[in-house]
1. Which of (1) part of a strand (DSSP E or B); (2) surrounded by fewer than 19 Cβ atoms within 10 Å (Cβ to Cβ) is the odd one out, the single condition residue 326 does not satisfy?
2. Please find, within region 264-276, the residue that is surrounded by the fewest Cβ atoms within 10 Å (Cβ to Cβ) out of those that are part of a loop (DSSP other than H, G, I, E, B) and either within 22 Å of the chain's Cα centre (by Cα) or modelled with pLDDT of 95 or more (or both).
3. Which of the following residues is farther than 18 Å from residue 26 by Cα and at pLDDT 95 or above: 383, 369, 402?
4. Go through region 124-180 and tell me which strands (runs of 3 or more DSSP E), entirely inside it, have 1 or more residues that are at pLDDT 95 or above and within 24 Å of residue 253 (Cα to Cα).
């Protein structure tokens, strides 16, 4: 297994180019590969999280707090990228969102609800029905990201309310608890039925474990598998300064990209992934010294890893034909940007692309869209102009990106001549 941990700045600069002259002039400073265009779809919508788009082009985004009386914003497009109606609805707030058949599923921190979407109508007329209730209340990593497969299985992230399952969370020198009791009801993926209401959270529905927290979660309809990018643990230097330098803290651990299998155990909190030596190593809370693997060899390793602390927030697979052939079947991942690299500059704030080769992801991922932060360096995440947080593929093949900082949505589309069987220029 080859792991690509570091992407050179020179390589990124050669891959990313400003939008072509024929593209809209107002690209917000976002850079996309040559041949692509980016258009602002909407601004100042509220604290956006994940996105979903219906086959008729209607856009839905859940928010972390309500605006204008609703926690979901709905946008009607007169044509791709041109919004003519914006409506708010739903007494909800959260992160996860998914479409399945005629229902819109929403992930709040302690429950999953759904609205029935009537044909041709932007906003649902009926109340929300509770699909799953009883998720534990927690003060960190409470976001419920969602994915639904073609058979109606509903996958839900239940993050761990801890950094590394220490006796005293995030306290320097505090040892880890073994076995970690949090894994009974946190730190994994739970599976339910999308078509069934009134389900209650419980350990019997646990699908996979040993996963600290994931917000970027997606089902791939072509390979029929669930994939995620995990947010790795924090504060290696802050909690264990004798073992890790400030520089090592900024570069460790890698944000793991893996295929989630039923019954799989991915090693949190006992292990983390060291991208320099390309394997899981024992966490310092459990006797690790930054080098030894110990019992980490029994856990499932990632397919590859992204740079540390970039905070993967959303993932979507591209199975349309509007983008050039090299993008088909691959995954786009939105990175919200880091906070745990201080006092060094923060990084991330990009959308990356992961190509698929022979039904598995290649480690040669690349940055697809950058410039969201608006400045360089970024010393704190709040200083970034935009922070990518949601992704969706539109009905006309464009890639939509949502921002949590100012509530903007963009559409990235192929604006070049037909290439690799692509369909050529798509309307703005």
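1. (1)
2. Filtering region 264-276 for residues part of a loop (DSSP other than H, G, I, E, B) gives 264, 266-270, 275-276.
In the following step, the residues that additionally are either within 22 Å of the chain's Cα centre (by Cα) or modelled with pLDDT of 95 or more (or both) were identified as 264, 266-270, 275.
Details: 264: 18, 266: 26, 267: 26, 268: 27, 269: 25, 270: 25, 275: 23.
Here the answer is 264.
3. 383
4. 153-158
The values are calculated or read from the model by the stated rules, or taken from the named source; none is laboratory data. Only a predicted model underlies this, so the values are computations on that prediction, with no experimental measurement involved. Note: ideal-geometry Cβ built from the backbone for every residue, glycine included; neighbour counts use all protein chains shown.
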